[in-house]
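Visitor: Structure incoming, see below.
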Amino acid sequence: MQEAYARILQAHETTAIESPKAFFSTRALYNFTGEHINSFSATTPALNEYVYNRRTTNVGFVYQVRPAVSLTLDINNIFNEPYRVYIGRADRMGTTIVNFVTMTVGVSGRF
């Protein structure tokens, strides 16, 4: 039972790196979320739902075409890290969600 309570605490870390240049800038974001409880049952601890560790990395690029116009490219979850859940024990898989790598292209303007 104490093991279940110990897992309630969640480790979370985010690191960002930015590199601005005159017309071009880049950014990288690394996010670590530690193993944590997602659903708790005091009467049946074997049904507690936990989330495995998850590490995601995102990168972004910005190109300034003119002082008032910028083009952006953001790529999220570049290593395709899934969201995985287990029930009770780590060897009892519950759910795996794969969100895939996503790319967003944009144009930004100022008046």
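Visitor: Do we have any residue at all in region 44-59 that's at pLDDT below 90, among the polar types (S, T, N, Q) and on the phi < 0 side of the Ramachandran plot? Write out each step before concluding.
Guide: So in region 44-59, the residues at pLDDT below 90 come out as 44-47.
After this cut, where a residue has to be among the polar types (S, T, N, Q) as well, the list is 44.
Next, only the ones that are on the phi < 0 side of the Ramachandran plot stay: 44.
Yes, there is a match, as at least one residue in region 44-59 is at pLDDT below 90, among the polar types (S, T, N, Q) and on the phi < 0 side of the Ramachandran plot.
Visitor: Moving on to the next point. Given the conditions (1) part of a strand (DSSP E or B); (2) more than 17 Å from the chain's Cα centre (by Cα); (3) farther than 21 Å from Ser25 by Cβ, which single one is not true for Leu73?
Guide: (3)
Visitor: Further question: Give the residues of region 76-103 that are within 16 Å of the chain's Cα centre (by Cα) and assigned to a strand (DSSP E or B), sorted by residue number.
Guide: Matches in region 76-103: Asn76, Tyr83, Arg84, Val85, Thr96, Ile97, Thr102, Met103.
Visitor: Taking Asn77, is it at pLDDT below 90 and either surrounded by 11 or more Cβ atoms within 10 Å (Cβ to Cβ) or touching a strand residue (DSSP E or B) at 6+ places or on another chain (Cβ under 7 Å) (or both)? Even if it seems obvious, please write down each step before you answer.
Guide: Details: at pLDDT below 90: no; either surrounded by 11 or more Cβ atoms within 10 Å (Cβ to Cβ) or touching a strand residue (DSSP E or B) at 6+ places or on another chain (Cβ under 7 Å) (or both): yes.
For Asn77, the condition - at pLDDT below 90 and either surrounded by 11 or more Cβ atoms within 10 Å (Cβ to Cβ) or touching a strand residue (DSSP E or B) at 6+ places or on another chain (Cβ under 7 Å) (or both) - is not met.
The values are calculated or read from the model by the stated rules, or taken from the named source; none is laboratory data. Nothing here was measured: the structure is a model prediction, and the numbers come from that model. Note: ideal-geometry Cβ built from the backbone for every residue, glycine included; neighbour counts use all protein chains shown.
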